[in-house]
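The values are calculated or read from the model by the stated rules, or taken from the named source; none is laboratory data. Given the structure is predicted, the values throughout are model-derived calculations rather than measurements. Neighbour counts are summed over all protein chains in view; Cβ atoms, including those assigned to glycine, are modelled from backbone coordinates with ideal geometry. Keep in mind that these areas ignore ligands, DNA and RNA; they rest on the heavy atoms of the full protein, side chains included. Shrake-Rupley method; radii C 1.70, N 1.55, O 1.52, S 1.80 Å.
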Amino acid sequence: MLRELKTFLAVVRYGTFARAGSQIGLTQSAVSAQIQRLEHDLGFTLFDRTGRSAILNAAGKRTVDVAKELLAVYTRLATQGAAGESVGLLRVGAIASAQQALLVGAIQKFRTASPGWRISVSPGVSLNLLAQVDSGELDLAVIIKPPFALPPGLKWHSLVKEPFVVLVPRRLAKESWRVLLAREPLIRYDRNSFGGRLVDRFLKRLRINVDEVAELDELQGIVGLVKAGTGIAIVPQAATLHIPPGVQTLLLGDDTFYRDVGIVARTTGDQQRASSEFAGCLVETVTRSELK
């Protein structure tokens, strides 16, 4: 039932079976099947299903807090070891571009120093990962710094600041990026993401009207569209971003702005010590890469 309870809370958070499935790696039909099993086991329905939305009914609303409590208890059980032993489960979230660039080295260092600990990595976008840390589902996450104040009980530590650049087909490389943004079709970095919001603010600040042809969150996908000649784009110069032949990077000069990637973590909790140690491993990983 634990799996079904996690899926239930995902549906509550994301509002539809389809969106919940995309965030936790399940198909819509798999999510629906798990919810039906949970409702069968509990003996009552949880949602009033209207169109694509999944609206909690009265029983479902009462179930949310109990489900969170049960999962929290299970998590505490999973992290218990013999008295004084350094063992447990550390739940880490990360945006896609940080997983390869930062997590691989940090996990290796952490495991060497604390071999009794297991690490569970959850992928996602910054806004959702922030909410999961805030709710206690994750102990910490590597995300883009939000454009608003953190909720109480959370702390922020910057890891790396990535400058935004304009990506264009090589045939346009000698033209001004300002002229190109006003003239060429734009492949927009998704405005639902924190990074995409930074791009939106940049364009509004410079009062540049753009011709949008597509909007997506996957950075490497944006690069692929630029290579295919679909348009130009403004993206962060992330460490894992591969710029293929045929695509040129244009710097923004004095107008450069940055994506701040860092750690958001809880200031309290059972995993506070391990969370701080893992954050230290992330910082060390970044420091060593900068020295190379």
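Worth pointing out:
- Charge tally in the Cβ shell below 13 Å around T230, where Lys, Arg are +1 and Asp, Glu are -1, T230 excluded: -2
- For E4, net neighbour charge (Lys/Arg +1, Asp/Glu -1) across residues whose Cβ lies under 12 Å away: +1
- Listed candidates (1) -0.49, -1.00; (2) -0.33, -1.10; (3) -0.23, -1.00 - label of the one calculated as log10 I(q)/I(0) by the Debye sum over Cα atoms at q = 0.07, 0.14 Å⁻¹: (2)
- Beta bridges per DSSP with both ends in the chain, % antiparallel, nearest 5: 60 percent
- Rounded to the nearest 20 debye, dipole of the chain from Cβ charges on Lys, Arg, Asp, Glu: 340 debye
- Distance in nm between pseudo-label sites at A113 and I243 (7 Å out along the Cβ direction from Cα): 3.4 nm
- Each 5 Å bin from zero up to the one holding the largest Cα-Cα distance in the range 174-292 carries the following percent of pairs: 2, 9, 16, 20, 16, 11, 9, 7, 5, 3, 1, 0.
- Extension gain from D200 to V66, taking 0.36 nm per residue of separation minus the Cα-Cα distance: 44.2 nm
- Positive dipole terminus of the chain, leading residue within Q100, Q272, A10 (C-beta point charges): Q100
- Evaluating 6.51 cos²θ - 1.76 cosθ + 1.60 at θ = phi - 60° for every residue in the range 93-101, the Karplus couplings come out as x, 7, 5, 4, 5, 8, 5, 7, 6 Hz, glycine and proline recorded as x.
- Theoretical ellipticity at 222 nm over the chain - DSSP helices of four or more residues, -39500 (n - 2.57) apiece, nearest 500: -13500 deg cm²/dmol
- Taking the Cα centre of the range 217-292 as origin and assigning +1 to Lys and Arg Cβ atoms and -1 to Asp and Glu Cβ atoms, the resulting dipole is close to 180 debye.
- Heavy-atom accessible area per residue - the chain, 1.4 Å, Å²: 52 Å²
- The residue among G246, S135, V87 whose Cα reaches farthest toward the positive pole of the charge dipole of the chain, with charges on the beta-carbon of Lys, Arg, Asp and Glu, is G246.
- Degrees separating the helix 58-78 axis from the principal Cα axis of the chain, which is the longest one: 90 degrees
- Extending 7 Å from Cα along the Cβ direction at T256 and again at I55 yields two label points whose distance is 5.1 nm.
- Exceeding the 28 Å Cα-Cα cut-off - candidates K68/K145; K109/K155; K6/K145; K68/K161: K68/K161
- Counting protein heavy atoms only, the chain has 52 percent of its accessible area on carbon and sulfur, 1.4 angstrom probe.
- Neighbours of L56 by Cβ distance under 13 Å: Lys/Arg scored +1, Asp/Glu scored -1, total +1.
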